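Undergrad: Have a look at the structure that comes next, please.
Every number here is computed from the coordinates shown, using simple stated rules; none is lab data. Just so it is clear, the structure is predicted and the values come from calculations on it, not from any experiment. Reconstructed Cβ throughout: ideal geometry from the backbone, glycine too, with neighbour counts over all protein chains shown.
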Amino acid sequence: MRKSALILAIAPLILVINACSGDSGQTTNTTNTSGTQATSNRWDTVKSRGQLICGVSGEVPGFSFVGTDGKYSGIDVDVCRATAAALFDNPDAVEFRNLNAKERFTALQTGEVDVLSRNTSWTLSRDTSVGLEFAPVVFYDGQGIMVGKNSGIKSLADLKDKAICVQAGTTTEQNLADQMRKRGITYKPVVFEDVNITFATYAEGRCQGITADRSALVARRTTLPKPEDNVILDEVISSEPLAPAVAKGDPKLANTVKWAVYSLIKAEELGINSQNVGQFANSNDPDIKRFLGTEGNLGEGLGLTNDFAARIIKHVGNYGEIYDRNLGPKTKLNLARGENKLWSQGGLLYSPPFR
Ligand SMILES: N[C@@H](CCC(=O)N[C@@H](CS)C(=O)NCC(=O)O)C(=O)O
């Protein structure tokens with residue numbers, strides 16, 4: 001009795017300590033401050049609220065970024081908008097909350113956000129002890145290193161005894177430590193919680209290198225005073241499958257986000273986009289009929305309308321459209337699709353059947 005009372009009393013404390021510990025949440029439990037699972041019936045809460053609360057970074061152009069007009073854009077933002085389109089037929093029924101790397105998991109566990117859509121790598125411990133339920137990967141990435149163009153640094157080994165800027169609470173911080181230990185290279189980690197301070201410190205020359213997901217390096221390089229003076233080394237030191245997540249405990253919400261992402265991929269595979277989706281309404285192709293909900297009742301299984309995928313594509317577009325407008329050649333990032341092509345085009349994106 002006294003023992004359980006003590007556990008209840010210290011549970012919030014454990015959560016706070018974990019939130020401040022600087023790790024990426026491996027030991028954080030899935031219990032909220034009242035000692036219950038934060039997410040049961042979360043889907044119903046979202047539905048009755050009429051709005052999805054999405055945790056994003058807000059600081060990574062192309063992924064989630066707040067423009068000068070206060071509007072959010074990016075692939076992570078579009079995943080939130082796609083989920084809202086499926087739930088409410090309204091991609092704008094989303095409230096965005098900015099979260100840094102250290103805050104993000106606690107925000108999900110305590111129910112501050114419904115969905116985390118924020119360049120987050122899917123890992124085993126986040127899937128288990130941190131209590132996340134990941135939706136499909138929306139961007140396959142890897143960790144890179146950026147240095148000054150004229151620094152003479154060509155590889156990680158050249159950063160021996162140099163200062164490397166890195167953000168706290170990320171897989172980035174851990175991978176760097178692992179790689180350097182494995183290779184026996186001594187270095188000085190310069191760790192910050194705030195992404196702006198991390199990059200500003202590098203820009204001031206107080207770090208000789210900076211490490212992050214390669215996409216984030218490309219994205220944040222565009223915000224540096226002289227982007228062209230910085231190069232990203234060819235070396236890729238990890239796999240970073242970036243995926244949205246919800247807290248464990250509500251399969252309905254997890255399924256909604258999961259199948260919203262698959263809808264984006266499947267639509268591209270079927271050649272359906274925001275411009276032509278209307279023309280497919282009378283299609284005779286059974287795959288397309290089921291996908292758009294003109295036949296069958298696939299949406300019902302998710303608690304949605306049967307045309308949920310059509311709503312997503314109409315409002316937000318397919319994966320290719322989302323990629324192009326946020327990360328593609330017409331954007332400042334100009335990221336090649338690479339592994340993020342459809343499986344049928346040599347990439348890793350694949351949707352299970354809509355049946
Ligand atoms: N994918 C890695 C790194 C994610 C991450 O937070 N990267 C930093 C590097 S740019 C970032 O996005 N910061 C933005 C912020 O704190 O708002 C992870 O899941 O741990």
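Undergrad: Quick check, is residue 285 acidic (Asp, Glu) and farther than 19 Å from residue 352 by Cα?
TA: no
Undergrad: Please verify whether residue 99 is more than 10 Å from the ligand (Cβ to nearest atom) and either of a type in the set (S, T, N, Q) or under 28 Å from residue 323 (Cα atoms) (or both), treating the condition exactly as stated.
TA: Here the answer is no, as residue 99 does not meet what is asked.
Undergrad: Scan the range 36-90 for residues that are hydroxyl-bearing (Ser, Thr, Tyr) and part of a helix (DSSP H, G or I) and jot them down.
TA: The answer is 45, 48, 83.
Undergrad: Return the residue satisfying two criteria in turn: it lies in the range 111-146 and is away from the ligand (no atom under 13 Å from the Cβ) and under 21 Å from residue 194 (Cβ atoms), and of such residues it is surrounded by the most Cβ atoms within 10 Å (Cβ to Cβ).
TA: In this case the residue turns out to be 113.
Undergrad: Counting only residues that are in contact with a Pro (Cβ under 9 Å, 6 or more places away or on another chain) and hydroxyl-bearing (Ser, Thr, Tyr), which one in the range 48-105 is nearest to residue 253 (Cα to Cα)?
TA: 83
Undergrad: Which of the following residues is in contact (Cβ under 8 Å) with a residue 12 or more places away in the chain, within 16 Å of the ligand (Cβ to nearest atom), outside any helix (DSSP H, G or I) and out of contact with any Pro (no Cβ under 6 Å at 6 or more places or on another chain): 231, 236?
TA: On inspection, the qualifying residue turns out to be 236.
Undergrad: Run residue 118 past the list (1) under 15 Å from the mean Cα position of the chain (by Cα); (2) more than 16 Å from residue 215 (Cα to Cα) and report the number of the one that doesn't hold.
TA: Against the list (1) under 15 Å from the mean Cα position of the chain (by Cα); (2) more than 16 Å from residue 215 (Cα to Cα), residue 118 comes up short only on (2).
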